[in-house]
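Below you'll find the structure, written out as structure tokens, and then a few comments.
The values are calculated or read from the model by the stated rules, or taken from the named source; none is laboratory data. Given the structure is predicted, the values throughout are model-derived calculations rather than measurements. Cβ: placed from backbone, ideal geometry, glycine included. Neighbour counts: every protein chain shown.
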Amino acid sequence: MVYKGIERRTCIRFEIPGATLNYKKDKTFLPEGKTSEEFCPILDISRGGLRFLTQEELKMNTMVTMHISLPGERIPLEMRGQVRWSAANAGKSYKYQVGVQFNPYGEKKGQNYPGALVKIIALEQKFAPTEKGDNNNSDQGDFEIDPE
């Protein structure tokens, strides 16, 4: 999936090898149910959302609660969000790719726990790719120092 337009995302996307999630659709009038699908591979994640593979087509604007399992972590990270897009994943073992935008972080009902943001930032620092060209400071005014 190559996007050739203007990048509008403000958060760095990164991969966490071996990360999976299970999710459940939030239904306001039905009692708590079990998860819809387990062990969905996460393709990438950021502070603002994630992209994962699934067998089930999720409609846009569907509210979901996700339990994100990270390698080496015993307790999954619980996040709430809204499906922003869903696309067919033709010819692959999973039928769909889904993009979810996380709900805001805060203490109010329906918001994600602020500690989850701290965890995602720590994961970003560990797994986010570093750009090779960052060492070139030519536009920042490099100066040579004459030896004395």
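Here are a few things to note about the model shown:
A quick yes/no check of all residues on (1) of a type in the set (S, T, N, Q); (2) under 20 Å from LYS24 (Cβ atoms); (3) surrounded by 14 or more Cβ atoms within 10 Å (Cβ to Cβ); (4) under 15 Å from the mean Cα position of the chain (by Cα):
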{"site": "PHE52", "(1), (2), (3), (4)": "no, yes, yes, yes"}
{"site": "GLN55", "(1), (2), (3), (4)": "yes, yes, no, no"}
{"site": "MET60", "(1), (2), (3), (4)": "no, yes, no, no"}
{"site": "GLY72", "(1), (2), (3), (4)": "no, no, no, no"}
{"site": "LYS108", "(1), (2), (3), (4)": "no, no, no, no"}
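- The stretch 7-35 residues that are at pLDDT 95 or above and surrounded by fewer than 15 Cβ atoms within 10 Å (Cβ to Cβ), paired with ones that are not charged (D, E, K, R) and not in a strand (DSSP E or B) (beta carbon under 6 Å, 6 or more apart): GLY18/PRO71
- Pair list, Cβ < 6 Å and 6+ apart or interchain, from the stretch 45-62 residues that are under 14 Å from ARG84 (Cβ atoms) to residues that are surrounded by fewer than 20 Cβ atoms within 10 Å (Cβ to Cβ) and among the basic types (Lys, Arg): SER46/ARG13; THR62/LYS25
- Here LEU77 meets the list (1) surrounded by 16 or more Cβ atoms within 10 Å (Cβ to Cβ); (2) without any contact (Cβ under 8 Å) to a residue 24 or more places away in the chain; (3) of a type in the set (A, V, I, L, M) almost entirely, failing just condition (2).
- Residue pairs meeting the criteria (Cβ under 7 Å; at least 6 apart or on separate chains; first loosely packed, with under 12 Cβ neighbours inside 10 Å, in the stretch 80-96; second of a type in the set (Ser, Thr, Tyr) and in a strand (DSSP E or B)): ALA88/TYR96
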